[in-house]
Amino acid sequence: MKAAVVVFPGSNRERDMIAALEQISGRRPDVVWHADTELPKVDLIVVPGGFSYGDYLRSGAIAARAPIMRTIAERAAAGVAVLGVCNGFQILCEAGLLPGVLMRNAGLRFVCKEVHLRVETTASPFTADYEAGDVIRCPVAHGDGNYRCDDETFRRLTGDERIAFRYVDATGARTPAANPNGSLDDIAGILSEARNVLGMMPHPENLIEPLHGGTDCRPLFESLVERLGVAA
Amino acid sequence: MKARVTVTLKNGVLDPQGKAIGNALHSLGFPGVGAVRQGKVFDVEIAETDRTAAEAALSAMAEKLLANTVIENYSVEIIG
Amino acid sequence: MLRNDTPITPELVASHGLKPDEYQRILDLIGRTPTLTELGIFSAMWNEHCSYKSSKKWLRTLPTTGPRVICGPGENAGVVDIGDGEAVIFKMESHNHPSFIEPYQGAATGVGGILRDVFTMGARPIAALNALRFGAPDHPKTRHLVSGVVSGVGGYGNSFGVPTVGGEVNFHARYNGNILVNAFAAGLARTDSIFYSKAEGVGLPVVYLGSKTGRDGVGGATMASAEFDDQIEEKRPTVQVGDPFSEKLLLEACLELMASGAVIAIQDMGAAGLTCSAVEMGAKGDLGIELDLDKVPVREAAMTAYEMMLSESQERMLMVLRPEKEAEAEAIFRKWDLDFAVIGRTTDDLRFRILHGGAVMADLPIKDLGDQAPEYDRPHVARPAPAPIEAVPPPNDYAEALLKIVGSPDMASRRWVWEQYDHLIQGNTAQRPGGDAAVVRVIGHETKALAFSLDVTPRYCEADPVEGGKQAVAECWRNLTAVGAEPLAVTDNLNFGNPEKPEIMGQLVGAIEGIGAACRALDFPVVSGNVSLYNETNGLAILPTPAIGGVGLLPDIGTMATIGFKAAGDTVVLVGKPGRHLGQSIYLREILGREEGPPPTVDLAEERRTGDFVRRAIREQIVSACHDLSDGGLALALAEMAMAGGVGATVALPEDAAPHAYLFGEDQARYLVTVSPASRGAFFAGAQAAGIAAAELGTVGGDDLVVRDLLTISVEKLARAHEDWFPAFMAGEL
């Protein structure tokens, strides 16, 4: 699998993502600067976490309008896998690659902690190595992770089984206490209609080796490595 | 009565948000954009019917909560 | 607007914080009346913050060298060799007063400043910690300050992208009017590419980089003289606003520029930005500096030379560059959307010359601004030794006492705080907040890691500054040891009241004496630091608070120890002597409401012997968990180990012990460890061979913490008491 990580001014988890991709795929991803409009031919495009442009207007809003985003949208439409994590999820929503919006956490504070996620669908290249209903640990670190969308979108997301992950407790139960940000229906990550774009608030790149306290998020990357062909 | 409280940064206080937004407008191709300063707008409904009293109450709200007067100014406007 | 030829009155001199004798010294030095800009420059360079004039004499007594020390105090941060051609670069600095005025921005810019100190030297920041002291929880301002400071620390660090992995939070009424925000940062660099502030070479370009200059922080002096100016339409802000986004760009641009080989000298602009940074670069290199302020990037109209020289706008750097690399350097900064301007040059005349609008606004001897700043040997009196405490009764109910202590403001869980800090970013955090020390893997290594801890017990320092100073160092050393790290070096952040009072000066002198003794005995040199004086309100000083930030090295993260109990059946062992000392203890304060007596004494030889034994046992993987004993003594350590492991233990105290002193005494040089049945023999044999006291107390297991005949509490109940206080306090429920 060949991957590209897109870096904006203010991205700050790109190094974590690059390290994770390299460790698991055995290949160092290309790093693409925001001002570029050219994207190398890759199997996976990752928009990493951070505070692009300081998140000074709305989270992800300015990055979503960078030239590179048009190219990413074209590739996504052509079926290339796109993963947006945290700020990357916010950017994909602002850019219209995913529906909905990420609002200020219900608790109004930045929250960094390990949470539990339930894998809600295995029908995607990101989640195919899990079993539906698997409960995994994964850290979150964000101030704006409260997912919202209109009723119609929500009906489509649930009807098409496009909710990839939900916040749950350690036993897999959905409880208010297990939701770190007040997100609608405990949504932690969603898929695009064609299921090749995943946006998620938690950071899978930060729980892939024993030093992190667990490897629960490795299958996400392994699944991609297994399923995505190698770009010529 | 409805009122609008506008909170802006005081002159000279660095406004990183405004700066980033200004740069973004530039790169989106809007020519002639100078400095951008951002602020907040609060539309507040209050039961008070006397204009002067309402303004005083809103100023107090701004002083106590809506504005950080160490770095921000505010203005109060009755809008209906 | 104040003109440069404004008459210099005694009032103006006083409003710049200069004493009459200091002003006379200025007149003698330059042989004429200074201009307004020159007065501002002198006031900036000769104030306590820049000149260390009250503390310098005593700071010189600290040990600052060692086999691993590459650069000690005097640069932006200390540099310590960690092998493999790599160095850790670290420092701690206060941002106390600004954080009291505007807690969010004050704390944020404090974090920004310390990060800049670290990457100015060529290091990529890998860890941030902070030591925070607030007033009493019931003081009306405390909650607001905690909330603002914590979100400011998080807001800056999270956005910048450095993990905030630990620190301290304390409450005490003596900080009601003066909170303390001490920010620590550490970074990594190659030992062959470390950058210093000493300029070299005549006629080279002096380059301004980063954000534009505004009137931020142009201080008290202009405010005090505002009556000279009827043009001022609003009170000029003295609050600096942090911009972590620009700082992240500045970091990337600086590291890229350094890699290009263009940088000869670099200095970040902190307090009195342009003045301090330019003088330091020139004076250290025995060079003059000439600046043309017309070339300084500004974001406000009509700034005067005085304002530009004293501005504390954030996210700025000054560099001396190789002329042939100037274009390359400028391209790098443009790429990152940062300002780049050649604003001056180095000269051979040892003058600090400031031009503005074609006129000379200041022309001063550069060495005298730095090297020959006034230095004081202020009168100091030692605090009389505290009276021994009268009898300390045992609690009526041990379980109730322990529950009260684990849920007390100073001992309760800090989860509410550190969950607002991104402590996982960079993917190298091996030990998260809540343990004895934070541990961060060194980038590019499988097993090598660094440990960090910030420590001081201000109530001990108040009662006995010398022992308190020793204890701060010893506890820091112990915390690093307790995770298995070899303690390398420290940075100190000395927070005190008004040094013009002999008793306050006595605290400073005593604490430095204690710190020096401990650092020498433990081979733990001081490589950087900061002094913050005049922390007083209405004549009441803060508790003396010499915070110590220590760094340790773990060659193999696989053998790192953590505090949580691991497995049922492990033996619980107290390493070190039994607890006896209750003077200044948490038990005395929280249960009996008394702050009395002498603090525990620190036997540095015993500290070292015990620590070396424990570290060896950890590295040989003989112990399964380890926790240092400090505030709250054995009882608190037991509770914390049980809560962290989610499993209880049953212990019994020796029959000849006074139970409350044994449980709550805060004697030093002690650890609580657990040992698996398989390692038991090896552990006790090792302890005996090393001559270390090791008392078997009981066994890990069950859902309760049981101290036979004294208390039984479920771990769940302990954890609830421990976790509930902070959120409840912040929600206003207490």
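Starting from the Cα-Cα distance between C:Val360 and C:Val342, subtract it from 0.36 nm times their residue separation and give me the gain in nm to one decimal.
Working: separation 18, 0.36 × 18 = 6.48 nm, distance 1.80 nm.
Working it through step by step, the gained length comes to 4.7 nm.
Please give the FRET efficiency for C:Asp84 paired with B:Ser75, using the beta carbon to beta carbon distance and R0 = 51 Å, rounded to the nearest 0.05. Present the calculation step by step, with values, prior to reporting the outcome.
On the way: r = 60 Å, r/R0 = 1.17.
Step by step, r from the Cβ atoms, then E = 0.30.
Under the classification rounded if a/c is under 1.5, otherwise prolate if a/b is larger than b/c and oblate if not, where does segment A:3-227 fall, given a ≥ b ≥ c as square roots of the Cα gyration tensor eigenvalues? Intermediate results must be reported in sequence, preceding the final value.
Values: a/c = 1.33, a/b = 1.17, b/c = 1.14.
Rounded.
Using Cα pairs under 8 angstrom and six or more residues apart, how large is the relative contact order of segment C:196-370, in percent? Mind showing how you got there, number by number?
Details: 366 pairs, mean separation 69.7, N = 175.
Result for segment C:196-370 is 40 percent.
How would you rank A:Tyr53, C:Tyr196, going from fewest to most other Cβ atoms within 10 Å of each one's own Cβ?
Working: A:Tyr53 29, C:Tyr196 22.
The order, fewest Cβ neighbours first, is C:Tyr196, A:Tyr53.
Arrange C:Val483, C:Val490, C:Val80 by Cβ neighbour counts within 10 Å, fewest through most, would you?
Details: C:Val483 30, C:Val490 33, C:Val80 25.
Ranking C:Val483, C:Val490, C:Val80 by Cβ neighbours within 10 Å, fewest first, gives C:Val80, C:Val483, C:Val490.
Neighbour counts of other C-beta atoms within 10 Å: give me A:Val115, C:Val202, C:Val79 arranged from fewest to most. Don't skip to the end; give the middle numbers.
Working: A:Val115 22, C:Val202 13, C:Val79 26.
Neighbour counts put them in this order, fewest first: C:Val202, A:Val115, C:Val79.
Grab the beta carbon distance between A:Thr158 and C:Glu324, set R0 = 45 Å, and tell me the FRET efficiency rounded to 0.05.
Details: r = 63 Å, r/R0 = 1.41.
Rounded to the nearest 0.05, the efficiency is 0.10.
Roughly speaking, what % of Cα-Cα pairs in the protein assembly as shown are separated by over 49 Å, rounded to a whole number? Spell out each step's value before the answer.
On the way: 140577 of 546535 pairs.
Of all Cα-Cα pairs in the protein assembly as shown, 26 percent lie more than 49 Å apart.
Considering only DSSP beta bridges whose two residues both sit in chain A, what percent are antiparallel, to the nearest 5? Don't skip to the end; give the middle numbers.
Values: 23 of 38 bridges.
Once the DSSP bridges in chain A are tallied, antiparallel ones form about 60 percent.
Quick one: grab the alpha carbon gyration tensor of segment C:561-734, order the square roots of its eigenvalues as a ≥ b ≥ c, and give me rounded if a/c is under 1.5, else prolate or oblate depending on whether a/b is larger than b/c. It would help to have the intermediate numbers written out before the result.
Numbers: a/c = 1.77, a/b = 1.25, b/c = 1.42.
Since a/c reaches 1.5 but b/c is at least a/b, the shape of segment C:561-734 is classed as oblate.
Note down the nm distance, to one decimal, between modelled labels 7 Å out along Cα→Cβ at C:Asp349 and at C:Thr191.
Result for the modelled spin labels: 4.3 nm.
If you fit an axis through the alpha-carbon atoms of helix C:103-120 and take the longest principal axis of the Cα set of chain C, what angle between them do you get, 0 to 90°, nearest 10?
Helix C:103-120 and the main axis of chain C meet at about 80 degrees.
Which whole-number percent gives the relative contact order of segment C:87-167, counting Cα pairs below 8 Å spaced six or more residues apart? Mind dumping the intermediate values first?
Values: 95 pairs, mean separation 30.0, N = 81.
Over segment C:87-167, the number comes to 37 percent.
Using a simple spin-label model with points 7 Å from Cα along the Cα→Cβ vector, what separation in nm is obtained for C:Leu734 and A:Glu222?
For the pair C:Leu734/A:Glu222, the computed spacing is 4.5 nm.
Using only Cα atoms, find the angle between the long axis of helix C:326-335 and the longest principal axis of chain C, and express it within 0 to 90 degrees, rounded to the nearest 10.
Around 60 degrees separate the two axes.
Hey, what angle do you get for helix C:273-284 against the long axis of chain C, alpha-carbon based, 0 to 90 degrees rounded to 10?
Computed tilt is about 90 degrees.
If packing is taken as the average number of other Cβ atoms within 10 Å across a peptide's residues, how do C:636-648, B:12-24 rank, most packed first?
Ranked from most to least packed, the peptides come out as C:636-648, B:12-24.
Between C:Thr9 and A:Val135, how many nm apart are label points set 7 Å from Cα along the C-beta direction?
7.4
Return the FRET efficiency for the residue pair C:Asp286, C:Lys56: r is the Cβ-Cβ distance, R0 is 25 Å, and the value is rounded to the nearest 0.05.
Working from the Cβ atoms, E equals 0.75.
Kindly list the residues of segment C:667-699 that lie in the label zone of C:Arg580, defined by a backbone N under 19 Å from the point 7 Å along the Cα-to-C-beta vector.
Output list for this probe position: C:667-671, C:692-696.
Report the relative contact order of segment A:25-138, percent, no decimals, based on alpha-carbon pairs under 8 angstrom and at least 6 residues apart.
That works out to 22 percent.
FYI, it's all coordinate maths here, none of it is from the lab. Just so it is clear, the structure is predicted and the values come from calculations on it, not from any experiment. Neighbour counts are summed over all protein chains in view; Cβ atoms, including those assigned to glycine, are modelled from backbone coordinates with ideal geometry.
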